[in-house]
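Asks: Next up is a structure, given as structure tokens.
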Amino acid sequence: MAEDLCISNGSKAEKYQTLLPQIKSLIEGEDDLIANLANVSAALKETFGFFWAGFYLVKGEELVLGPFQGPIACTRIKKGRGVCGTAWAKAETLVVPDVDAFPGHIACSSLSRSEIVVPLVLGNGEVWGVLDIDSENLNTFDATDARFLEEVCSWL
Ligand code: SME
């Protein structure tokens, strides 16, 4: 396996198009979930320079912090709380252009300004975790991020 990530210097969509096959080959060759979540977090942060990229995993009635890249973060989030807990409760991707305008947003860092959360969903519709990405800028995420990140999440 190549250890170096190849990063496109083109548009956002081109960056994802270069990144996704590399993520696929990284995770196809490994069946350990934590190893794969760790590498996906690192690949996303390295490609886009996001402030924070990582996973929370469902444990009982809470999300518990999993593999991530970035500053230390809140360890537990209740179902329906914050952006992550809401994406879990609704089982849908949430794009938040301005975290201050999201009721109940959980500020793990005051530097985080916008956010996308993609649920990790089993075949039966049950959510087993979320991918959370935070940006220091407003309006960072859109339908392009949602589409490519949902594809990555469907492989996990
Ligand atoms: N802001 C998130 C909490 C997780 S951290 O940003 C890493 C939320 O509102 O769910």
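The values are calculated or read from the model by the stated rules, or taken from the named source; none is laboratory data. Everything quoted here is computed from the prediction, not taken from an experiment. As a convention, Cβ positions derive from the backbone with ideal geometry for all residues, glycine included, and neighbour counts pool all protein chains shown. What goes into the accessible areas is simple: the full protein's heavy atoms, side chains included, and nothing from ligands, DNA or RNA. Shrake-Rupley method; radii C 1.70, N 1.55, O 1.52, S 1.80 Å.
Asks: Among residues belonging to the stretch 109-130 that are in a loop (DSSP other than H, G, I, E, B) and within 8 Å of the ligand (Cβ to nearest atom), point out the one that is surrounded by the fewest Cβ atoms within 10 Å (Cβ to Cβ).
Replies: Here the residue is Ser109.
Asks: Find all pairs meeting these conditions: Cβ atoms under 6 angstrom apart; at least six residues apart or on different chains; first residue within the stretch 14-28 and hydroxyl-bearing (Ser, Thr, Tyr); second residue crowded, with 17+ Cβ neighbours inside 10 Å.
Replies: Going by the 6 Å Cβ cut-off, the qualifying pairs are Tyr16/Phe148.
Asks: Could you list all residues from the stretch 69-101 that are closer than 21 Å to Ala146 by Cβ and within 7 Å of the ligand (Cβ to nearest atom)?
Replies: Those that are closer than 21 Å to Ala146 by Cβ and within 7 Å of the ligand (Cβ to nearest atom): Ile77, Gly82, Val83, Cys84, Gly85, Val99.
Asks: Moving on. Within the stretch 59-108, can you find the residues that are open to solvent by less than 30 Å² (accessible area, probe 1.4 Å) and outside any strand (DSSP E or B)?
Replies: Within the stretch 59-108, Ala73, Gly82, Val83, Cys84, Gly85, Thr86, Ala87, Trp88, Val99 qualify.
Asks: Just the residues that are in a helix (DSSP H, G or I) and surrounded by fewer than 18 Cβ atoms within 10 Å (Cβ to Cβ), please, taken from the stretch 23-38. Walk me through it before giving the result.
Replies: To start, the set of residues in the stretch 23-38 that are in a helix (DSSP H, G or I) comprises 23-28, 33-38.
Within the stretch 23-38, Lys24, Ser25, Glu28, Leu33, Ile34, Ala35, Ala38 meet the criteria.
Asks: Another question, then. For the stretch 29-65, give me each residue that is of a type in the set (Asp, Glu), without any contact (Cβ under 8 Å) to a residue 40 or more places away in the chain and touching a strand residue (DSSP E or B) at 6+ places or on another chain (Cβ under 9 Å).
Replies: The answer is Glu61, Glu62.
Asks: For the stretch 136-156, give me each residue that is surrounded by fewer than 16 Cβ atoms within 10 Å (Cβ to Cβ), part of a helix (DSSP H, G or I) and in contact (Cβ under 8 Å) with a residue 60 or more places away in the chain.
Replies: If the condition is that a residue be surrounded by fewer than 16 Cβ atoms within 10 Å (Cβ to Cβ), part of a helix (DSSP H, G or I) and in contact (Cβ under 8 Å) with a residue 60 or more places away in the chain, then Thr144, Glu151, Trp155 are the ones that fit.
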